[in-house]
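Inspection log for the structure reproduced underneath, given as structure tokens.
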Amino acid sequence: AVVSTQSTGKKETEDESASKTGYYPGAGLWSGLASLSNTGTQYLNAGLDKLEEVSNKAYEALNDQAGAEEKPKAKPRARDSSKGPSLMNVLQEAKLKYEQQEKISSETKLTMSYLFDEKQGLSQLEALEMLSKECVLKMKNNPSDGNTLFLYIETSLELKSGDSEIIIEHLGAAVTDCLKTLKIDLPISKINQCRYEIAQQLSEMDMTALDETAKPSETKKTVILSNSLNSIAGFTARSVELFKKIAELSLLKSTLEVDMKTQADTIKFLNEVLCCEIDNIREQFEQKTESKEDVDRLYLETSNAISYLQETLYFFVPILKWIVVKTSKS
């Protein structure tokens, strides 16, 4: 009798639960599935937004390419701006920025300032400037006024408008002789390699000039100017690097192995040799150029390159002065 009563009570409990509003077997499972469905709907809506943005971009592209009679009849519906910038707007801004950069790039790539920096010349010049400034600071901490060599250094390394041109038969030999005079052990392989590559370019341009059908005249003109400026920038950068290394090795010496007047004169002479070689390179490329505009442009950019190299003399003045002070105390 007791078992029968318990069974009856259990059945009544199930009947009462079933009679409650909204109750059905497995309700908990269906509730979880509904939640999962809502999450999926959110991702689906986000995906649709992206599709709308892509369709807008496609519409704009069609407008750019199609003629007046072939344009799409209807534009896809606009995306709600409250949701943030659309993919189309982002792509348009990126395209505009890229076009602006390309425009700037094309205008600046064929300038000596850009090419000199690209050939690592500016970093070498800045390194030499840092050495010079360090020497200026050391001079302040170790004053030595009245040294007669100081005036000679300043006068010797001063740029003069009436400096005569130097004619050299072999660049490598001239540079090597200067380094021997300074008692500086430095390879000049980079200078020689750069000069060899320039000679190769000039030879290739001669061969190209014989083939009138190789390239359009306008393309040849651009190639000649580009090769000219790149060659001059590369040679100038290697020349500045040479002067920087001379300064580094000179500062490492504890004694004055070479008379300071000889050092100053030799550094000035080496600078003039390399400046004349830069101008010589310009003349060689100028002979390949038929455009007067390019000839003038080449002359201007060559002057800028020579200015970079001549600036090393300005930085050498404090360096040589400090070497005098330092070696006089040893």
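Of note:
- Accessible surface of Lys245 - all protein chains present, 1.4 Å probe, nearest 10 Å²: 70
- Estimated inter-spin distance, Ser144 and Ser203, nm [label 7 Å along Cα→Cβ]: 4.9
- Largest-first ordering by accessible area, 1.4 Å probe, given options Tyr314, Tyr114: Tyr314, Tyr114
- Taking 0.36 nm per residue of sequence separation and removing the Cα-Cα distance, the Ser254/Lys133 pair yields an extension gain of 41.6 nm.
- Per-peptide packing, taken as the mean over residues of other Cβ atoms within 10 Å, places 299-308, 268-277 in the sequence 268-277, 299-308 from highest down.
The values are calculated or read from the model by the stated rules, or taken from the named source; none is laboratory data. Remember, it's a predicted structure, so these values are computed and weren't measured experimentally. Cβ coordinates were reconstructed from backbone atoms using ideal geometry, including for glycine residues, and neighbour counts include every protein chain displayed. With ligands, DNA and RNA removed, areas are computed over all heavy atoms of the protein, side chains included. Shrake-Rupley method; radii C 1.70, N 1.55, O 1.52, S 1.80 Å.
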